[in-house]
Amino acid sequence: MLNFIQNIKEKNPMIHCITNYVTINDVANILIACGASPIMSDYSKECEELTSISDGLVINLGNIYPDVVEAMKISLKSANTNNIVSVFDPVAIGATKPRKKIAFELLKEGKFSVIRGNISEIKNLVGLNTKSKGVDASKSDAKDSLEDKVEIAKTLSRNTGSVVVISGAKDIITNGDISYICENGDEMMKNITGSGCILTALIAAFIASNNNILEATLMAVITSGVAGEFAKNMLNNRGNLTFRENFIDEIFLMNDDKISKFAKFYEI
Amino acid sequence: MLNFIQNIKEKNPMIHCITNYVTINDVANILIACGASPIMSDYSKECEELTSISDGLVINLGNIYPDVVEAMKISLKSANTNNIVSVFDPVAIGATKPRKKIAFELLKEGKFSVIRGNISEIKNLVGLNTKSKGVDASKSDAKDSLEDKVEIAKTLSRNTGSVVVISGAKDIITNGDISYICENGDEMMKNITGSGCILTALIAAFIASNNNILEATLMAVITSGVAGEFAKNMLNNRGNLTFRENFIDEIFLMNDDKISKFAKFYEI
Amino acid sequence: MLNFIQNIKEKNPMIHCITNYVTINDVANILIACGASPIMSDYSKECEELTSISDGLVINLGNIYPDVVEAMKISLKSANTNNIVSVFDPVAIGATKPRKKIAFELLKEGKFSVIRGNISEIKNLVGLNTKSKGVDASKSDAKDSLEDKVEIAKTLSRNTGSVVVISGAKDIITNGDISYICENGDEMMKNITGSGCILTALIAAFIASNNNILEATLMAVITSGVAGEFAKNMLNNRGNLTFRENFIDEIFLMNDDKISKFAKFYEI
């Protein structure tokens, strides 16, 4: 019997998010939907305090103003010092030099429990040559073989000590040693802004409420995928905004039984 | 015959909001929904001008960058000078020292027509010992007796000269002398981010269009609660995003007859 | 046979948006809905890079922090240098002096492919005396005759070399020489925040994927109007949030056949 979601609802973890303004509302609502309590702040002078009273930290690279970057560094340090779990989302890291620089500074200064990105973002983090198209994975990167992608994820995991997630048609979850492939999800998830940001926040709620970080991360990925499948089933020929509403609704309505029943994953 | 909503729709008051980026879109849409016209800006150099041509001001403490705080002070002064109504929402004031400091500075430098918060936020403003959990009221504070909460609201009202609203399972509205309890609302309102921010904005629209600030504030609280009940009735087993959509829709569809018919409140 | 939408879906243009935080999520989702790929950033130090790898640029005056204004100028220059199409939305330009000043600086320093605003905003840009009410057109300006409005649009077009769009009950689209009136659309579009911002972004996607800027702009305006009509038909007595969802959904579901069938426009 799984109890990942039940644990979130019982603990009601507070998740401090430093995230972009495009999807900040969706991220807050998804955290509430799964049973967590969001607190959003990127003001550096309150971030040490905020992170220290939180149960988990999300750092999303979508907004890289200098004071926000300062906030990221302060919060990451606070999380590391206080043994608070943390998730890093290197949004569009390949698009500009400042993003890449900041990402590497964060990885150098602290440690994340989990790093989640698309294949282009993760390739950038392991120093591979790649060209992403803004916030999306490039088509050429997406065509890399599953085996190659798993190796890239493992490399980043070994380099950083973080569990690494590569989101894509098939999601990869690895701690450098054990690796899983998750086959849940739906194509429509690419048609809303923020499905990556949302998953990153979900992972934070899952690992803040469950002990095994690798398994909790896997379950967060599965949960997002299953919710995407349900949301598609309810779509009724409507468009991407209805899908977004359905998706967050389905996270709200999710439980451990549904996850057990619909999970599609295997160890690789 | 009530005519609170009708008055908003006839006046179409412009409400200047300095508010957080998490729920800024919901706040703008709720103002349109009730018949007001939102203008959102937190850039200090245009805030005196903006507030002076507005019919009401919302200051929400969700975003406390230095320039935004400067904007808050300038706008509050402009509102006070020009006899423009104003509402203060001390979001998460108990979570960090900078928020608390800024809140007290604002209360010292100017006067708000209305202050609205949850019990933990309001306890902080009257100097009572409390510990909120991020943006939510703490469980121990929520267990305070209704009578104690009314006294706290009255104290803040007398200290500040503002009408005070404490949001909760039962809402308290007081001008320090006359106090009301509103029993409208639904548990689902806790499951979306921003139901507090939304109510704060609604209050601004109501007091900008109706003369009696205490009564207009009470009616705004009732309206929000009734809309929450309707939104729940339409929920049809869906999740929190559908509830959010229903809620704002119901404000759009609200009228004074519905408020008369479904209001549940009493003087205490 | 039209193929404007098909061209967007085939090219999948990346649109760099410097836009306000109120409707930034809607703008991102509308771009995805029509087949484009949004990248939102207003951080000056990455904007030259971002614009240079984009297929189109949106500058929306909703957020005028100094660094954001710097980003606007850098991105506009990058767009002009690299022959990247650009759209300007002078949001609430009449509301405050800083907005007006920045708008004129932008028009002086660079050139936009398209400028889109309501009648009050466009009158401000041609130096006519007017008073807008925050983000909305003033009632007196809205009563100007259609012929007068067309002349104002033509004047701005000749002054700037941009295609100019005046949004209203009847939309005007002109390159200073050829002018169109579009009669599609629905009153409900005024009841959501951001229908202007959304149209501005749509125009960017259309002109980034189709050669004739005047025609592509006209088609974007028609597409928005037709989607508004469909969204209203699906409204089923619900409110403005349902309308917003329907509207973005209908853009997602739009195709060139629907546009051909439902377009209502004429040359004037």
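The values are calculated or read from the model by the stated rules, or taken from the named source; none is laboratory data. Since the model is a prediction, treat every value here as computed from it, not as a measurement. Methodologically, a virtual Cβ is constructed for each residue, glycine included, from the backbone with ideal geometry; neighbour enumeration extends over all protein chains shown. Protein only, heavy atoms only, side chains kept; ligands, DNA and RNA dropped before computing areas. Shrake-Rupley method; radii C 1.70, N 1.55, O 1.52, S 1.80 Å.
Classify region C:167-227: rounded, prolate or oblate, from the alpha-carbon gyration tensor (a ≥ b ≥ c, eigenvalue square roots; a/c under 1.5 rounded; otherwise prolate if a/b is larger than b/c)? Because a/c hits 1.5 or more and a/b fails to exceed b/c, region C:167-227 counts as oblate. The helix-based estimate of mean residue ellipticity at 222 nm for the protein assembly as shown, built from -39,500 (n - 2.57) per DSSP H run of four or more residues and divided by its residue count, is -16000 deg cm²/dmol to the nearest 500. Of A:Lys139/A:Lys261; A:Lys170/A:Lys190; C:Lys45/C:Lys73; A:Lys149/A:Lys190; C:Lys111/C:Lys190; A:Lys97/A:Lys123, which pairs sit farther than 21 Å apart, going by alpha carbon to alpha carbon? Going by Cα-Cα distance, A:Lys139/A:Lys261; C:Lys111/C:Lys190 fall outside the 21 Å limit.
Comparing A:Pro13, A:Pro66, A:Pro38 in a Gaussian network model of chain A where C-alpha atoms under 10 Å apart are linked, the largest mean-square fluctuation is found at A:Pro66. Evaluate E = 1/(1 + (r/R0)^6) for C:Glu187 and A:Asp67, where r is the Cβ-Cβ distance and R0 equals 51 Å; express this FRET efficiency to the nearest 0.05. Efficiency, from the Cβ-Cβ distance: 0.75. In nanometres and ascending order, the distances from the C:Asn233 label point to those of the other copies are 3.1, 3.1 (point 7 Å from Cα along Cα→Cβ). Remark: chain A projects, on average over all directions, an area of 12.4 nm² (convex hull of Cα atoms). The residue in chain C that lies nearest, by its beta carbon, to the axis linking chain C with chain B is given here with the distance in whole angstrom as C:Tyr21, 3. The same position B:Glu187 in the other copies lies at 4.0, 4.0 nm from this copy, comparing label points 7 Å beyond Cα toward the beta-carbon, shortest first.
Could you tell me the distance between the Cα centroids of region B:1-69 and region A:24-85, to the nearest Å? Between the Cα centres of region B:1-69 and region A:24-85 lies a distance of 27 Å.
The rule of thumb for compact globular proteins, 2.2 N^0.38 Å, goes into the C-alpha radius of gyration of region A:185-258 1.08 times. Subtracting the Cα-Cα distance of C:Lys77 and C:Ser140 from 0.36 nm times their residue separation leaves 19.1 nm of extension gain.
Once divided by 2.2 N^0.38 Å, the Cα radius of gyration of the protein assembly as shown becomes 0.90. A convex hull fitted around the alpha carbon atoms of region B:127-224 yields 103 Å³ per residue.
Taking both sides together, the accessible area buried where C meets B is about 2700 Å² for a 1.4 Å probe. Under a model in which nothing but the beta-carbon of Lys, Arg (+1) and Asp, Glu (-1) is charged, region C:4-267 shows a dipole of about 660 debye around its Cα centre. Shape class for region A:62-119, computed from the alpha carbon gyration tensor (a ≥ b ≥ c): oblate, with a/c not under 1.5 and a/b at or below b/c.
Among B:Lys139, B:Lys154, B:Lys111, the residue with the largest mean-square fluctuation in a Gaussian network model of chain B, with springs joining Cα atoms closer than 10 Å, is B:Lys139. The charge dipole of the protein assembly as shown, taken about its Cα centre with unit charges on the Cβ of Lys, Arg, Asp and Glu (plus for the first two, minus for the last two), comes to roughly 920 debye.
Each copy carries C:Lys9; placing its label point 7 Å along the C-beta direction from Cα gives inter-copy distances of 4.0, 4.0 nm, listed from smallest up. Select from A:Val114, A:Val27, A:Thr81 the residue farthest towards the positive end of the dipole of region A:23-145; place +1 on Cβ of Lys and Arg, -1 on Cβ of Asp and Glu, and compute about the Cα centre. The residue sitting most towards the positive pole is A:Val114. When B:Arg99, B:Arg238 are compared by accessible surface with a 1.4 Å probe, the order from highest to lowest is B:Arg238, B:Arg99. Using the Cβ-Cβ distance between C:Asn236 and C:Lys261 with R0 = 22 Å, the FRET efficiency computed as 1/(1 + (r/R0)^6) comes to roughly 0.45.
Of the residues B:Cys182, B:Cys197, B:Cys17, the one that moves most in a GNM of chain B with alpha-carbon contacts below 10 Å is B:Cys182.
Within a straight-line Cα-Cα reach of under 17 Å, C:Lys143 can be paired with the following aspartates and glutamates, leaving aside sequence neighbours fewer than 8 residues apart in one chain: C:Glu121, C:Glu151, C:Asp171, C:Glu183, C:Glu187. Computed over protein heavy atoms with a 1.4 Å probe, the accessible surface of chain C works out to 35 Å² per residue. Interface burial in region B:221-268, defined as at least 50 Å² less accessible area with all protein chains than with the chain alone at a 1.4 Å probe, covers B:Arg238, B:Asn240, B:Leu241, B:Arg244, B:Glu245, B:Asp249, B:Phe252. Ligands, DNA and RNA left out, the 1.4 Å accessible surface of region B:4-267 is 48% carbon and sulfur atoms.
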